[in-house]
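Trainee: If you scroll down you'll find the structure; I have some questions about it.
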Amino acid sequence: MWGWPNVRSKPGAFFYVLLLGLAGFVYNYNSNSNLLTILNQSEETELPVIYVITPTYRRLVQLAELTQLAQTLSQVPSVHWIVVEDSEELSSGVTHLLQRFDAIPHTHLHGRMPELFRGNASSTPYTSRPRGASNRNRALHWIRENVQSGVVYFADDDNTYDLRLFHEMRHTKKVSMWPVGLIGIYGVSSPVVDPDTGHVKEFFDGWVGDRTYAVDMASFAINVQLLHQNPDAMMPYRAGYQEDFFLKSLNLTLEDIEPRANNCTQILVWHTQNANYKSVPSFALKSRFERTNVQQLRSQTLNLLPVA
């Protein structure tokens with residue numbers, strides 16, 4: 001009948017030493033695994049929270065596009081999603097969607113555009129109205145009332161986001177910026193980074209006009225404390241000027257802007273809904289953009305080189 005080896009014999013002693021060593025290995029492995037789990041959880045809880053503001057309105061593709069964004073945000077740690085409907089009350093469809101993705105901390109609000117700015121459907125196209133202004137202002141008010149630290153990002157539901165983008169904005173000190181793809185006649189909008197100083201010196205966009213900050217809504221994030229330091233900062237009810245007016249109301253300088261995405265050479269967010277290019281975007285590189293990040297963005301925009 002089988003029994004335990006005699007500890008006084010050499011084979012028996014070897015067996016017990018081996019058994020004790022194996023037990024110690026298992027104990028240490030489990031202890032280290034638990035320690036790594038604790039450390040990872042601790043690191044995640046210490047991450048600054050990104051408050052993602054998404055204005056939305058009722059349309060056929062609304063729930064489909066919100067689902068796509070929800071699946072993206074579900075993979076981002078330490079995020080709080082603020083969904084604001086352009087309506088007088090919360091809709092059941094969006095409410096049920098947020099319940100399905102209840103693992104994402106979220107706040108569901110509504111902020112209807114004032115009738116003064118809605119215009120007549122036959123005479124005022126939706127694209128010429130100040131879309132999202134009331135939604136975004138409602139979310140900014142909520143943040144000022146409830147949040148003291150973190151980062152704010154405006155993420156429309158009809159864009160496509162690379163997960164790396166949220167890592168890039170996570171530790172924004174004041175305002176961070178990066179390029180946006182598939183937008184405008186050039187197919188890209190971006191801050192222009194001075195190769196000698198590493199600072200933003202101007203902006204590359206299909207329409208600069210009289211804007212100080214010729215950027216897209218998806219191209220920047222701000223620190224919550226900066227929002228508190230400028231309590232009157234808001235989105236204007238003026239189509240095409242929301243980003244410019246809002247950034248100017250934060251009392252920024254170009255030196256305050258933190259270029260991200262490898263000095264604005266990587267495209268990590270795209271306007272995929274508006275990607276209706278029937279031909280190659282017009283991208284004649286002017287001499288003043290040579291040796292800047294714009295030259296590298298041209299290859300990505302025209303799909304001439306693989307994105308890193």
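Trainee: Between beta-carbons, use under 13 Å as the cut-off and find the net charge around Gln62, counting Lys and Arg +1, Asp and Glu -1. Don't skip to the end; give the middle numbers.
Mentor: Numbers: positive: Arg58, Arg59; negative: Glu65, Glu85, Asp86, Asp156, Asp157, Asp158.
Every neighbour counted, the sum reads -4.
Trainee: For the pair Glu88 and Asn230, what calculated FRET efficiency results from E = 1/(1 + (r/R0)^6), where r is the Cβ-Cβ distance and R0 = 25 Å, to the nearest 0.05?
Mentor: Calculated transfer efficiency: 0.30.
Trainee: Using the beta-carbon distance between His171 and Glu290 and R0 = 30 Å, what value does 1/(1 + (r/R0)^6) give for FRET efficiency, to the nearest 0.05? Intermediate results must be reported in sequence, preceding the final value.
Mentor: On the way: r = 31 Å, r/R0 = 1.04.
So, using R0 = 30 Å, E works out to roughly 0.45.
Trainee: To the nearest 10 square angstrom, how much accessible area does Leu97 have with a 1.4 angstrom probe?
Mentor: Only protein atoms counted, so the area is about 10 Å².
Trainee: Please list, by residue number, every one of the chymotrypsin sites (Phe, Trp or Tyr not before Pro) in the range 214-278 that is coil in DSSP and has at most 12 other beta-carbon atoms within 10 Å. Display every interim value, and only then the final one.
Mentor: Working: sites: Phe220, Tyr237, Tyr241, Phe245, Phe246, Trp270, Tyr277; in loops: Tyr237, Tyr241, Tyr277.
Answer in residue order: Tyr277.
Trainee: Going Cα to Cα from Lys248, which aspartates and glutamates come in below 17 Å? Please leave out same-chain ones fewer than 8 positions away.
Mentor: Glu202, Asp210, Asp216, Asp232, Asp256, Glu258
Trainee: Label Ala239 and Asp102 with points 7 Å out from Cα along Cα→Cβ: what is the distance between them in nm?
Mentor: 4.0
Trainee: First select every other residue whose beta carbon is under 12 angstrom from the beta carbon of Ser176; then total the charges, Lys and Arg +1, Asp and Glu -1.
Mentor: Working: positive: Arg170, Lys173, Lys174, Arg260; negative: Glu168, Asp256, Glu258.
Spelling it out: positives minus negatives among the neighbours equals +1.
Trainee: Let me ask something else. If Lys and Arg each add +1 and Asp and Glu each add -1, what is the summed charge of the other residues whose beta carbon sits under 13 Å from the beta carbon of Ser91?
Mentor: My count for the surroundings of Ser91 gives -1.
The values are calculated or read from the model by the stated rules, or taken from the named source; none is laboratory data. Since we're looking at a predicted model, the values are computed, not measured. Note that each Cβ is placed from the backbone with ideal geometry, even for glycine, and that neighbours are counted across all protein chains shown. Calculation scope for accessible area: heavy atoms of the full protein, side chains included, ligands and nucleic acids excluded. Shrake-Rupley method; radii C 1.70, N 1.55, O 1.52, S 1.80 Å.
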